1. Of MET10, MET243, how do they rank once you tally other Cβ atoms within 10 Å and put the fewest first?
2. With charges only on Cβ, +1 for K and R and -1 for D and E, what is the dipole size of the chain about its Cα centre, in debye, rounded to 20?
3. Using only the alpha carbons of the chain, determine the length spanned along each of the three principal axes and report them from longest to shortest in whole angstroms.
4. Subtract the Cα-Cα distance of TYR60 and HIS146 from 0.36 nm times their separation in residues, and report this length gain in nm to one decimal.
5. What FRET efficiency, computed as 1/(1 + (r/R0)^6) with R0 = 25 Å and r the Cβ-Cβ distance, is obtained for ASN9 and LEU191, rounded to the nearest 0.05?
6. How many nm separate the modelled label positions at GLN139 and LYS97, each set 7 Å beyond the Cα in the direction of the Cβ?
7. Along the charge dipole of the chain, pointing to its positive end and built from +1/-1 on Cβ of Lys, Arg, Asp and Glu, which listed residue (LEU229, SER195, ILE142) has its Cα farthest out?
8. How far is it, in nm, from the label point at THR216 to the one at ASP77 when both lie 7 Å from their Cα along the line to the Cβ?
Amino acid sequence: MFIKLASSNMTTLIVGASGATGSLVVNQLLDKGVNVRVIVRSPDKIPDTWKNSDMVHIIYASISEIGADDMAKYVEDCDAVVSCLGHNLSFKGIYGKPRRLVTNVVRNLCEAIKKRKAISKPVKFVLMNTTGNRNKNLQEPISPAHKMAIALIRLLLPPHVDNEKAAEYLRVELGQNDRSIAWVAVRPDSLINASVVSAYEVHPSPTRNPIFDAGTTSRINVANFMAELLTRNELWEKWKGQMPVIYNKPDIDRNSALRK
Ligand SMILES: NC(=O)c1ccc[n+]([C@@H]2O[C@H](COP(=O)([O-])OP(=O)(O)OC[C@H]3O[C@@H](n4cnc5c(N)ncnc54)[C@H](OP(=O)(O)O)[C@@H]3O)[C@@H](O)[C@H]2O)c1
């Protein structure tokens, strides 16, 4: 039986909430009784359930065009911020402006949080990142072929560089001991859609090659992990300041059926 939790006092701001993963994060948090604030460009992609919910505060604005003063208002009283932003997969989205969409928004959000007067404990910041990005705090191995492929991707696909720089801002500029913000950069492998949460595994670093042997990660599993991170303290403590990699667990039943 599904039991919806009573509304908590927590408020989480989600950017990229109209996206395929961001919208699932909103739903997962609502199911856990967390109030959400979303910044979206258009009402068209917003379900009526959000519009009719008193747990959802919708702000219509283009996140990359929000000035410091408004951003400060939007992060005020938020316990957590999630970014599921990503460049739209169109020519304009990939090669047009803003080329540093994610990095600039992450930086602007964090600077707004840092300006807050009263922060009793660090605000939690969760960034949707990618296995294509390495955590340079760890000695993540990289083969010469992988290195060459990444160099090519950086050259041809500007959004990849944006993802790298966004995580770099958290890892290097905020680091591990920021007084205002604690962060986790979640790294899914190849994203797929699924209607329900399934078994998944989380590792500190990739266990397979993201280019030559990529695994899969359901967007709803990413959303579930993010919501769990924000609502389960021991999970947050385990992963804060890290870049966990999330994969779907192999479908054991289906695999064994295929072997028969
Ligand atoms: N594809 C993969 O296999 C893979 C694997 C690992 C990680 N990732 C990363 O995960 C990210 C999220 O994935 P997804 O599939 O959930 O993305 P998505 O559905 O494309 O969502 C992207 C979100 O970003 C917003 N956005 C895009 N351009 C914007 C702009 N110029 N200004 C304001 N908002 C903008 C979109 O808003 P609108 O709805 O208004 O356009 C949407 O809310 C990807 O972009 C990628 O960086 C992808």
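1. MET10, MET243
2. Details: 35 positive and 25 negative charges, 85 e Å.
For the chain, the charge dipole is close to 400 debye.
3. 52, 46, 37
4. Using 0.36 nm per residue and subtracting the Cα-Cα distance, I get 26.9 nm.
5. 0.20
6. 4.4 nm
7. Of the listed residues, the answer is ILE142.
8. Label at THR216, label at ASP77, 4.3 nm between them.
Read the figures in this text as sums done on the coordinates, not as results from a lab. Bear in mind the structure is a predicted one, so any value in this text is a computation, not a measurement. Note: ideal-geometry Cβ built from the backbone for every residue, glycine included; neighbour counts use all protein chains shown.
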